[in-house]
Structures are given as C-alpha cells and as structure tokens.
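What follows is one structure encoded as structure tokens, with my remarks underneath.
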Amino acid sequence: MFLREVVRHFMKLYRKMLKYFSKRPFYNAVIHTVAGIGIGFLLTYTVAGIHPVRWGVAFLVIALLGHLQALR
C-alpha cells in the first residue's frame, strides 16, 4: 500500500516535470546539456585539471536545480 502511494506521487511529479519541459524545449536542452557536462567532468580529469570532482558536482547541482525549477 505504501509503495503504491509513493509510485503514484512520483508519477505525478514526473508528469508535471514532463509538461514543463515540453513547453520549454530550449530550457530542457540547456539543463540536460549541463548535466551531460557534469557527468563528463566526473568521467575525465584532463579538462578540469586538478578539481574534476568539484566541477562535475557543480554542474550536476546546477542541473538538479534546473529540474527542481520544473516542479515549482
């Protein structure tokens, strides 16, 4: 019973986010590009120099905040 409620709530949030991103394709592209850059920094270290984890986490936090914007 509890799991069903959690899944239902998650799907409601997912639909809300999907609706937000479908109305704003440029914002969607920017947020997902930033997330890709963050993952790329975490996978490589030559571009970021001495602090690849800081850069990677920073870009992923920006992407996460962009996704939270869609839930407002």
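Looking only at residues in segment 24-38 that are out of contact with any helix residue (DSSP H, G or I) (no Cβ under 7 Å at 6 or more places or on another chain) and of a type in the set (Val, Ile, Thr), the one that is surrounded by the fewest Cβ atoms within 10 Å (Cβ to Cβ) is Thr33. If only residues of segment 3-18 that are under 16 Å from Gln69 (Cβ atoms) and among the hydrophobic types (A, V, I, L, M, F, W, C) are counted, the one that is surrounded by the most Cβ atoms within 10 Å (Cβ to Cβ) is Met17.
Values quoted throughout were computed directly from the atomic coordinates according to the rules given, and no laboratory measurement underlies them. All values reported here derive from a predicted model rather than from experimental measurement. Backbone-built Cβ (ideal geometry, glycine too); neighbour counts: all protein chains shown.
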